[in-house]
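Some notes on the structure that comes next.
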Amino acid sequence: MSAETPASVQAFIDDLASQGVEAHMQGPAVIYSILAVSGGLVNQEVPTGVSVNELTGWPAVPPHWIHFPTTVTFEQANTDTTDCLDGWQRHSRDIGTWSSNRPPVLNWLAHVRGIVAGAQS
Amino acid sequence: MAEANVNDHSQSGGAKRPKIRITIDGAAFTTRDDDQEAASLLRLAGRDPKLYNLARLVPGGEPVVIKDGKVIDLADGDAFVSVKERVLLTFTIDGVSYTTRDDDQESASLLRLAGLDPAEYDLARIVAGKDPKVFKDEKVLDLHEGDIFISVKQNSLVA
């Protein structure tokens, strides 16, 4: 863990790594990619991320906002650019009940996959 | 129905043993050897004992599976079937390994196996070189050794 990386952020990065997902902190966000299993971007690795500020409670509390490049669009969206890299925006998405029935990162990845499946081509 | 004569090697000393007629998977065979291993009968029917088991048909009952090495006392009219032995398959859901001998299961069953509610999650299969495939809950999947599945949460609504 680097001196600049908060423990909860490093935990999130490590949890993603445990599932073969390489993530890194870049400014105010943690960036990684996820496979689109259906939808307009099917079979593409889609860049995504979360705000570092939203990881303080990880894994007990998941982030709410999901970052995507502005090229990744959805039929419906509620977005802003807080904490986002240039050319990115974050999307407000309800994760529902946060379950700890299995490793949290699995539930997190399933959540993001579900969102990415709705991306338009 | 074709009839095959098999194992007619029981003529050493004394009277011939009577012919015994049996069927395996509906095909008729005759033999004078009234005690044979189940594996021998499977081979007779062209079945590999490593992949199939022999089962005796019982009138009014379930077929009785017989171990390969078991010596069967054959009687005229015995009927047998071969039963494909289900191999142990290993697959993963979200990186967690599971094993089963049931090679066709509903997507919803696999989700439940992973501790997930099919009302909240879908299952997707990842195959190298192909597009991923997301399955409806009621879809019966043919499982293969090494299958890779991942879960996809439904309805992460815009907030």
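Looking only at residues in the range A:48-73 that are assigned to a strand (DSSP E or B) and surrounded by fewer than 18 Cβ atoms within 10 Å (Cβ to Cβ), which one is nearest to the other protein chains (Cβ to nearest Cβ)?
Out of the qualifying residues, it is A:73.
Out of (1) touching an Asp or Glu at 6+ places or on another chain (Cβ under 6 Å); (2) of a type in the set (S, T, N, Q); (3) within 9 Å of chain A (Cβ to nearest Cβ), what's the single condition that is false for residue B:82?
So residue B:82 meets the others, but not (3).
Of these, A:26, A:76, A:19, A:44, which one is more than 14 Å from chain B (Cβ to nearest Cβ) and either over 22 Å from residue A:105 (Cα atoms) or not hydrophobic (A, V, I, L, M, F, W, C) (or both)?
The match here is A:26.
Per-residue answers, yes or no, for (1) surrounded by fewer than 16 Cβ atoms within 10 Å (Cβ to Cβ); (2) in the same structural domain as residue B:21 (by TED's automatic domain parsing); (3) under 20 Å from the mean Cα position of the chain (by Cα):
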| site | (1), (2), (3) |
| --- | --- |
| B:44 | no, yes, yes |
| B:55 | no, yes, yes |
| B:114 | no, no, no |
| B:158 | yes, no, no |
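Given the options B:122, B:131, B:102, B:117, name the one that is in a loop (DSSP other than H, G, I, E, B), within 14 Å of chain A (Cβ to nearest Cβ) and closer than 16 Å to residue B:147 by Cβ.
Step by step, each of B:122, B:131, B:102, B:117 is checked, and only B:131 is in a loop (DSSP other than H, G, I, E, B), within 14 Å of chain A (Cβ to nearest Cβ) and closer than 16 Å to residue B:147 by Cβ.
I need the full set of residues from the range A:79-121 which are at the interface with chain B (Cβ under 7 Å from one of its Cβ atoms) and in a strand (DSSP E or B), in order please.
Correct list: A:92, A:93.
Test of understanding: among B:127, B:81, B:152, which residue is of a type in the set (Val, Ile, Thr), under 21 Å from residue A:36 (Cα atoms) and surrounded by 12 or more Cβ atoms within 10 Å (Cβ to Cβ)? If you could, list the steps in order and put the result at the bottom.
On the way: B:127 fails: surrounded by 12 or more Cβ atoms within 10 Å (Cβ to Cβ); B:81 fails: under 21 Å from residue A:36 (Cα atoms).
Going through B:127, B:81, B:152 in turn, just one is of a type in the set (Val, Ile, Thr), under 21 Å from residue A:36 (Cα atoms) and surrounded by 12 or more Cβ atoms within 10 Å (Cβ to Cβ): B:152.
The values are calculated or read from the model by the stated rules, or taken from the named source; none is laboratory data. Just so you know, these numbers come straight off a predicted model, no measurement behind them. Using ideal geometry, Cβ is built from the backbone for each residue, glycine included, and neighbour counts are taken over all protein chains shown.
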